[in-house]
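Read-outs throughout are calculated quantities, based only on the coordinates presented, and are distinct from any laboratory measurement. Note that the structure is predicted; figures quoted are calculated from it, not measured. As a convention, Cβ positions derive from the backbone with ideal geometry for all residues, glycine included, and neighbour counts pool all protein chains shown.
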Amino acid sequence: MASRRSKRSGLVLTALAVVGLSVAALSPGASAATTTTTKAPAPTTTTKAPAPTTTTVAPAPTTTVTAAPTGDPLEVGVSSDGSLERAPAVAPPSDPFHLASLPAAKGGPKSVIGSDTRARVDTSTYPGSATVQVWYQGQPICSGAMVGPDTVLLAGHCVASAKGTWRDKGGYAVYPGRNGALTPWGSCGVRVEYTVKGWFFFRNPDYDYGALKLDCSIGNVVGWYGFFWSNHTLTSAPATIQGYPTDKVGALANTQWTASGKLTFADTRRLYFTISTSVGQTGGPIWTPLGAPFVSVAGPYIMGINAYQQYGSTNSGTRIAEPVFNNVVNWSNAP
């Protein structure tokens, strides 16, 4: 397995060309009140990257936490195996960027607004390989992103289609790096579904995020994305939308596409953009490239989950705020 990844290393370094965030969006000289936390993308070796010395994010426990929630009660996690998860308490970091280490890169409808700027992705290279197409009962329903060896981050409505109702776990097939009829890494089933109370019980779009725990560890082969939270304004931050649009048909059906631009606006819970996207890409990552001096492991870091068309003229997604980050860390570290 290690030799396979080393052969991909040249592709990985090319794929992870650093495009820095604007100073206004993510400045390393920000005041102490500004905090950002990142989750490292998967390394090109089988060895977990050590956490940098500035890391203050504690790793999530591997056991389910069932204590009474603190903070926003709608951020309490729920899972299809009947347990509840709560994000662990995290001390506010003193620096603007912090890496929560994990291994890194290996080899609601939305709309096209204005001209279609999407380009087809080569899924044999990272991060295309770590972007997944989610099928349910024989039909493609969502896109998603690997955020660990066996964990996919996606929208809450991909896992809980109606209020208080999970999809049947046996109905899923998750295809990493699918390329039309080609499925180079096969498919995985689902063991556990995750979301939070704000979506599962109330269907509040501000809480529309979730995850799937797979029955395989394909992330060790295809890699996974990093992710981060920040209380900076992310308005005008560079952003890339990636996933599997269902408006591509015929020979292009089930192919992966991407488009890039800048966020038009960001609030504390949502990200807004006019970057081209379409049905089927829901649940896919909204990512930005981060590198030095912001993080020690350069790569694509997810800042939101593609989810909706908003007001007919702007697309939007769920922002990875601090409690979202903590829940995703918890879910990705769960057994």
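Selection of the stretch 136-149 for residues being surrounded by 23 or more Cβ atoms within 10 Å (Cβ to Cβ) and of a type outside the set (A, V, I, L, M, F, W, C) yields Ser143, Gly144, Gly148.
Inside the stretch 151-174, can you point out the residues that are out of contact with any Cys (no Cβ under 8 Å at 6 or more places or on another chain) and part of a strand (DSSP E or B)? Scanning the stretch 151-174 gives Thr151, Val152, Leu153, Ala162, Thr165, Tyr172. So which of Thr233, Thr240, Thr195 is under 30 Å from Leu74 (Cα atoms), of a type in the set (S, T, N, Q) and part of a loop (DSSP other than H, G, I, E, B)? Just a single option satisfies the conditions, and that option is Thr233.
The set of residues from the stretch 240-254 being buried (at least 24 other Cβ atoms within 10 Å of the Cβ) and of a type outside the set (Ser, Thr, Tyr) comprises Ile241, Gln242, Gly243, Pro245.
The residue that is surrounded by the most Cβ atoms within 10 Å (Cβ to Cβ), counting only those in the stretch 150-184 that are under 13 Å from Ala211 (Cβ atoms) and small (Gly, Ala, Ser), is Ala155. Looking across the stretch 255-277, the residues that are hydroxyl-bearing (Ser, Thr, Tyr) and surrounded by fewer than 24 Cβ atoms within 10 Å (Cβ to Cβ) come down to Thr255, Thr258, Ser260, Thr264, Thr268, Tyr272, Thr274.
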